[in-house]
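Reviewing the structure listed below.
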Amino acid sequence: MVLSVLSVAVAGWFSARTVRLSHELEAERERRQEQKSAIQASSRVYEPLAQAAAELQSRIYNIVSTGWVGIVERYQSHGDYAETSTAFLFAHYFGWVEARRQAVLTSSGAGDRDAAVVRAIDHVRQVMRKTDHEEGFLFYQVEQRAIGELMFSWDSVDGARLPHVDGYAAFSRRYHDDLEFRRWFHPIDRGLELVAAGQHQRLIEIHGALLDLITVLDPTRKYTIRYDLRPIEEPALPQAPVAPAPS
């Protein structure tokens, strides 16, 4: 009878241990699946995010190398296209950053994303919110997030939800007709005033951070092959006059 009781107890212990291990293995499998799902969700927006970053860095390069006055003169037959399109390129980038965040949060994953991409996005965010230099193009972190939220929505296609960021037509309409929406872009107005006066250090730093992000998002240039991704060469500082050698 004692052996019988011991046998039942041992069998029960092994059964409980097997069930516990089974639960642990299932939990681990679900955790790995969640991580994979989150990474897949984020990777679906790598292409549009890389392209949005490439378009923004291209405009910044042109502003710094050509000068804002040159940009305005180039598009003067199109009204305020230069100002509106510059604001759009910033907004479009913020929108796809938000789309990536939303895609991860609404996947079955817990948000275990590609660490290198996250660091690169955070670096751009930090550069845009720094006040070390002039305050043009200064977007605080919550402002970047707010603009991204205003640009982002979900599309329903065949029962599936796909991330959507407004294009130029929708943006331009809101930019001109909605004063509440328009006020988010005052840093652009201030920045362009300073660039016209020759202050462009912040733009150069933003441009460099965007290039770093593009390198992480698109290391093989699969998505951004048609964009020129040259760094901006900072203007050389004038040399101090050299005193003549004593005779």
Assuming R0 = 25 Å, can you tell me the calculated FRET efficiency for the pair residue 230 and residue 130, based on Cβ-Cβ distance, to the nearest 0.05? 0.60
Each label sits 7 Å from Cα toward the beta-carbon; between residue 186 and residue 149 the label points are separated, in nm, by 1.9 nm
Taking 0.36 nm per residue of separation and subtracting the Cα-Cα distance, what length does fully extending residue 158 through residue 69 add? 27.3 nm
Contour minus Cα-Cα span, residue 123 to residue 170, at 0.36 nm per residue, comes to 14.1 nm
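Any read-out appearing in this document is the output of simple, stated calculations on the displayed coordinates, not a laboratory observation. Keep in mind it's a predicted model, so treat the numbers as computed, not measured. Neighbour counts are summed over all protein chains in view; Cβ atoms, including those assigned to glycine, are modelled from backbone coordinates with ideal geometry.
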